[in-house]
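Here the structure is laid out as structure tokens; the discussion comes afterwards.
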Amino acid sequence: MKKEYEIVNLHCGGCASKIQYELDRVENLKDVNVDFYSKKLKFTLEKDIEEKDLIEKLNKIADKVEPGTYFKKVDDDSTVSNHLNKNEDNHTHGEELISKIDLIILTVGITLFVVGLTLSKSLQKDIILIIAYGLSGYDILLNALKNIKRGKFLDENFLMSIATVGALGLGDFGEAAGVMIFYKIGEFFQDMAVNNSKKSIEKLMSIKPDFANLKNKNGSIEIVDPSEVNIGDILVVKPGERVPLDGVIISGTTTLDKSALTGESIPIMAEIGTEILSGSINIDGTIEFKVTKMYSQSTVNRIIEMVESAGSKKAQAEKFITKFARYYTPIVVLLAIIIGFGTPLLYDGNFKLWFSRALIFLVISCPCALVLSVPLTFFSSIGKGSKDGILIKGGNYLERLKNIDTVVFDKTGTLTKGSFKVTKVEVIKGTENEVLEYAKAGEFYSNHPIGKAILNYGDIKVFEWDIQGHNEKAGYGINALYNGKEILVGSKKFLEGHKIEINILEAFGTVVYVAVDSILIGRIFVEDEIKETSRKTVDELKGQGINVYMLTGDNKKTGKHIGEILGIDEDKICTNLLPQDKVNKLEEIKSRSKKGTIFVGDGINDAPVLAMADIGISMGKIGSDIAIESSDIVLMNDDPYKIIEALNLGKRNNQVVLENVGFALGVKIVVMILGVLGIANLWLAIFADVGVSVLAVLNASKILTKKSIN
């Protein structure tokens, strides 16, 4: 049973990691994810527990790690939840008030600090500096004491308290006050940077419609929640409003902005019969449309769910940093103890000197830069991808993009538009109308683009009551009973499998054969148009040293022709494939891949292959629901070139992660060494902690503001 809760009063990335660690150890909880940036807790409950008892148990754990932090049900309208919401509102108001009071107190502390430094009299100077220290760091000292009582003392509050109290003990009142003030200012800028990043991501996801204009049977308009609308209802969208659900326009014309969904900046014209997606913005005309999907299955809701759930699938880098931080801080604290007490005992007996140097170690030991910046980098990259119409379902999939040497494409609907048209009807026996009639009878229930193209061609009508039987074998063809006659419609291989001899040459293009009562009567030629960016995509993939394959059910002659147009090597074009053949072929291709393999597809028949690939990428615009569910990345506008952008985003994400890890650890190690040598002081140590954190967070968040990921 999957559970999701909102996290209230969580203000620290390191605390989120600690809560995650504690919840991972709780019995009956599986796949726990504490997301600091979306403030959501998600997990799978293996054994049914009463909701009240479960929340109480979780809240005790959260409060023990970070006092005041608790969980509440998402969008819970119950009395309990309303009470919590009121408490949260009160807390938020109180928190804002406390923040203002803290700012005033810190300002007074800074003022006293500056005044104290200008005084010459030693006693007055020391008293004012001690007061400045108390005003600027009283909350840190209190939190450190509370955490010691809880047995959770290896955090930044404890480390800063020990370091600055140690400085006071050594008589360095100015340094103690200054370091505490500098730390608080750095924390302020760090929080501001994190909040700005979170707001940027929230802005990207602000595509959820707030209301729907429901047209009643009497013609009146009623404003309702989108979740209350049913399939078949008529909705009205005015200029400037967001389309609340997916549907088909039945009245009016307009221009739609779909940039929030697909990343396409150019608005599109929409008229009667145009399919529209929820989350689009109606620019200039009033339209009416018939709803085709419930809100839970609408495009906008699926996008929000995919992006929100992406945080639960953590990359190896995120898992490593969380584990690293758990061991890193105690090790550094132990080293500080050895430096402060062991070195003078074994070396020169100068306890004051080495104790001072040990304090530098304590300040540096907080791993905030890593704990904050690495998850934020993945979060920002996933948000950036969403903005550009690339939905990445987890940090683990984003991480895999950096190691890809093979991309395998399905042809129809992926490299081609999947909008087929009949170009020729070849008659072998009977008339053209007869060939079309029997072909349409066979394709009557088909959802395949080729079947729809045949059904829409010509004026021949077929009625459902004349069809007595129908059986479709995906990838092969259709066996139907029409007006007492047995009809076969499908590939050459399908008809030959039914003992029908075909003594005509294989033709170029997609060909559908038609037989009646075991006699071949004709064949229908269908063509598909290649997408504008397909060749460019293939060329750039090959330019990056990536092997490109194409899988298709077309005959060899057709496959070779399409491959030549796209620039795919002949030995990497696989033709005459049935759905199960694609699975076998991908296994063969994967066995030759040294790094990782991407499969790109769109249809229901591609679902097994999408799931089997190292990364499955599906086309979200025309792709089937099952293909989208089976894939790891969804391209919202069906543009194959988005694969290049996704690969570049994966590389950029990896680069920023390495930059932050290298920078944070590098600076800390250098300052540690300088501290032991007596070159670095507490001021530099604070920069190595808070300053590095701020810079790392800013570096991670720049992914969101970068205009292009190419």
*Quick one: is Ile127 surrounded by fewer than 16 Cβ atoms within 10 Å (Cβ to Cβ), at pLDDT below 85 and part of a helix (DSSP H, G or I)?*
no
*What number goes with the only condition from (1) part of a helix (DSSP H, G or I); (2) touching a Pro at 6+ places or on another chain (Cβ under 7 Å) that Gly385 does not pass?*
(2)
*Filter the range 333-354 for residues that are in contact with a Leu (Cβ under 8 Å, 6 or more places away or on another chain) and either exposed (fewer than 14 other Cβ atoms within 10 Å of the Cβ) or touching a residue at least 40 places away in the same chain (Cβ under 8 Å) (or both) and give the result.*
Val333, Lys352
*Which of the residues spanning the range 449-474 are among the charged types (D, E, K, R) and in contact with a strand residue (DSSP E or B) (Cβ under 7 Å, 6 or more places away or on another chain)?*
Asp466, Glu472
*Which residue pairs have Cβ atoms under 8 Å apart, sit 6 or more places apart or on different chains, and have a first residue in the range 41-54 that is farther than 14 Å from Lys73 by Cβ and a second that is in a strand (DSSP E or B)?*
Thr44/Lys2; Thr44/Lys3; Thr44/Leu29; Thr44/Lys30; Thr44/Asp31; Glu46/Leu29; Glu46/Lys30
*Within the range 312-332, how many residues turn out to be out of contact with any strand residue (DSSP E or B) (no Cβ under 6 Å at 6 or more places or on another chain), over 16 Å from Leu682 (Cα atoms) and in contact (Cβ under 8 Å) with a residue 24 or more places away in the chain?*
14
*Any chance the range 690-697 includes a residue that's more than 22 Å from the chain's Cα centre (by Cα), in the same structural domain as Leu370 (by TED's automatic domain parsing), modelled with pLDDT under 80 and of a type outside the set (Ser, Thr, Tyr)?*
yes
_Name the single residue that is modelled with the highest pLDDT among those in the range 148-163 being assigned to a helix (DSSP H, G or I) and closer than 18 Å to Pro367 by Cα._
Ser161
*Test Val670 against the criterion of being in contact (Cβ under 8 Å) with a residue 40 or more places away in the chain and assigned to a helix (DSSP H, G or I), and give yes or no.*
no
*For the range 2-47, which residues satisfy the criterion of being within 19 Å of the chain's Cα centre (by Cα) and assigned to a loop (DSSP other than H, G, I, E, B)?*
Phe36, Tyr37, Ser38, Lys39
*For Ile502, state whether it is free of Cβ contacts under 8 Å to residues at least 40 places away in the same chain, within 22 Å of Ala453 (Cβ to Cβ) and surrounded by fewer than 19 Cβ atoms within 10 Å (Cβ to Cβ).*
yes
*asked:* Checking the structure you have, find out if any residue of the range 428-438 is among the hydroxyl-bearing types (Ser, Thr, Tyr) and in contact (Cβ under 8 Å) with a residue 12 or more places away in the chain.
replied: yes
*Which of the following residues is of a type in the set (Val, Ile, Thr), within 24 Å of Val583 (Cα to Cα) and in contact (Cβ under 8 Å) with a residue 60 or more places away in the chain: Ile519, Ile562?*
Ile562
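The values are calculated or read from the model by the stated rules, or taken from the named source; none is laboratory data. Just so we're clear, the structure is a prediction, and the values are computed from it rather than from any experiment. Virtual Cβ from ideal backbone geometry, glycine too; neighbours counted across all protein chains shown.
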